[in-house]
Amino acid sequence: MTRPPKFDVPPGACDSHIHVYGDKSRFPSMPVNGREMEDHYLDDYIAVRDALGLSRTVIIQTPHYGNDNASMLDSLAALGLDKARGIAVTAPDISDAELESLHAGGVRGVRFGIELARGMRPEHLETFAARIASFGWHVQYRSTDEDLPELADRMGRLPVDVVVDHIGSIRPELGLDHPSFTALKGLIDRGRCWVKLSAAYQLSKTGAPSYSDYRAMARALVAMAPERMLWGTNWPHPKVDFMPDDTDLLETMLDWTDDAATRKQILVDNPAKLYGFAND
């Protein structure tokens, strides 16, 4: 059972990165790198969301469905578009009508990355960003410490905002002077880059509960652009051997920020602006 966090989570707080799997009888899935889709359904997530005191959610299309976003759209409708948004995975040749349908269903971005099974690749960045600009969507990129230095300049010239997943997937032991973190800082300085302070457990060497080896990197990012930082659980934590505690992940905000105002900015105000939630 998920325990409540040690701080008062502000109303409207958003989990900006989760994955949800639909009923297998309705939404057929495909293996990813030999892994079959697990049984992690929307009701399971809602129990976690409510225990954490969160009220808004961003669902990221899972590679198990490829370019078929139907399960994600179904979950968005169930949660309600006043409380949920989605990030799609599409083919480069998707029609404008299909993009409009995704937008109506709550989608606000498209995911890219060289490590993503069935996701779009860097060669499609410029042409696809031009297509989604009129929708007000953003590019969500799953980078690594290897490709980020090469891609940052290109992403900085796109006509849309860019959201970098999971602290750039930069290994914390590389430090703040590594070319990948320097590239991320440069991208942030251009003014249209957002960073998800999420999934530290994937690369942390120190581990739970505080993931202290990511502290310097996370705090540096918050200091650079608190108005463009986001947070998410990455529930249900695919591709890990040891499940992280979702409350531990939320409580990193106590260590990576200095005050309640900054936590509210990251948890409430920033996702409201990026994903188009109404500020009550």
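The values are calculated or read from the model by the stated rules, or taken from the named source; none is laboratory data. As the structure is a computational prediction, the values presented were derived from the model and not from experiment. Every residue, glycine as well, gets a Cβ built from its backbone with ideal geometry; the counts of neighbours run over all protein chains shown.
Among the residues of the stretch 189-198, is there at least one that is of a type in the set (G, A, S) and within 26 Å of K6 (Cβ to Cβ)?
Here is the first cut: in the stretch 189-198, the ones of a type in the set (G, A, S) are 191, 198.
If we keep only those that are within 26 Å of K6 (Cβ to Cβ) too, we end up with 198.
Checked against the condition, which is being of a type in the set (G, A, S) and within 26 Å of K6 (Cβ to Cβ), the stretch 189-198 yields at least one hit.
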Practice item. Could you figure out which of (1) at pLDDT 95 or above; (2) more than 18 Å from Y275 (Cβ to Cβ); (3) touching an Asp or Glu at 6+ places or on another chain (Cβ under 8 Å) isn't true of F27? Key: (1)
Practice item. Return yes or no: is D50 within 16 Å of P236 (Cα to Cα), under 20 Å from the mean Cα position of the chain (by Cα), in contact (Cβ under 8 Å) with a residue 60 or more places away in the chain and surrounded by fewer than 16 Cβ atoms within 10 Å (Cβ to Cβ)? Key: no
Revision key, fill the gap. Conditions (1) without any contact (Cβ under 8 Å) to a residue 60 or more places away in the chain; (2) in a loop (DSSP other than H, G, I, E, B); (3) over 17 Å from L250 (Cα atoms) -> D43 fails only (2)
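Any chance you could count how many residues in the stretch 154-192 are closer than 26 Å to S210 by Cβ, of a type outside the set (A, V, I, L, M) and either surrounded by 15 or more Cβ atoms within 10 Å (Cβ to Cβ) or in contact with a Phe, Trp or Tyr (Cβ under 6 Å, 6 or more places away or on another chain) (or both)? So that I can check it myself, show each step before the final result.
Narrowing the stretch 154-192 to residues closer than 26 Å to S210 by Cβ: 163-178, 180-182, 184-185, 188.
When the remaining residues are screened for being of a type outside the set (A, V, I, L, M), the result is 165-166, 168-169, 171-173, 175, 177-178, 180-182, 185.
Next, from what is left, pick out any that are either surrounded by 15 or more Cβ atoms within 10 Å (Cβ to Cβ) or in contact with a Phe, Trp or Tyr (Cβ under 6 Å, 6 or more places away or on another chain) (or both): 165-166, 168-169, 171-172, 178, 180-181, 185.
Of the residues in that region, 10 qualify.
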Practice item. Identify the single condition in (1) at pLDDT below 95; (2) polar (S, T, N, Q); (3) in contact with a Phe, Trp or Tyr (Cβ under 6 Å, 6 or more places away or on another chain) that S204 does not satisfy, given that it satisfies every other one. Key: (1)
Review point. How about the stretch 11-47: which of its residues are surrounded by 13 or more Cβ atoms within 10 Å (Cβ to Cβ), within 24 Å of V164 (Cα to Cα) and not small (G, A, S)?
Key: C14, D15, H17, I18, H19, V20, Y21, V32, Y45
Revision key, fill the gap. The residue from R108, R131 that alone is touching a residue at least 24 places away in the same chain (Cβ under 8 Å) and assigned to a strand (DSSP E or B) is R108
Exercise for review: Of all residues in the stretch 7-35, count the ones that are more than 27 Å from N270 (Cβ to Cβ), small (G, A, S) and not in a loop (DSSP other than H, G, I, E, B).
Suggested key: 0
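Mind checking whether some residue in the stretch 65-77 is closer than 27 Å to T252 by Cβ and of a type in the set (D, E, K, R)?
Taking the stretch 65-77 as the starting set, the residues that turn out to be closer than 27 Å to T252 by Cβ are 72, 75-76.
Checking the rest, the ones that are also of a type in the set (D, E, K, R) come to none.
No, the stretch 65-77 has no match at all.
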Check your understanding: Which condition number does D93 fail, the rest of (1) over 15 Å from the mean Cα position of the chain (by Cα); (2) among the charged types (D, E, K, R); (3) at pLDDT 95 or above being met?
Key -> (3)
Check your understanding: Before we move on, is D93 acidic (D, E) and under 30 Å from L254 (Cβ atoms)?
Key -> no
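Within 28 Å of F242 (Cβ to Cβ) and either without any contact (Cβ under 8 Å) to a residue 24 or more places away in the chain or of a type outside the set (S, T, N, Q) (or both): is that true of D153 in this structure? Can you show your working first?
On the way: within 28 Å of F242 (Cβ to Cβ): no; either without any contact (Cβ under 8 Å) to a residue 24 or more places away in the chain or of a type outside the set (S, T, N, Q) (or both): yes.
When the stated conditions are applied, D153 does not pass them.
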Point to revise | Filter result (in a strand (DSSP E or B) and either over 22 Å from G186 (Cα atoms) or at pLDDT 95 or above (or both)) within the stretch 112-128 | key: M120
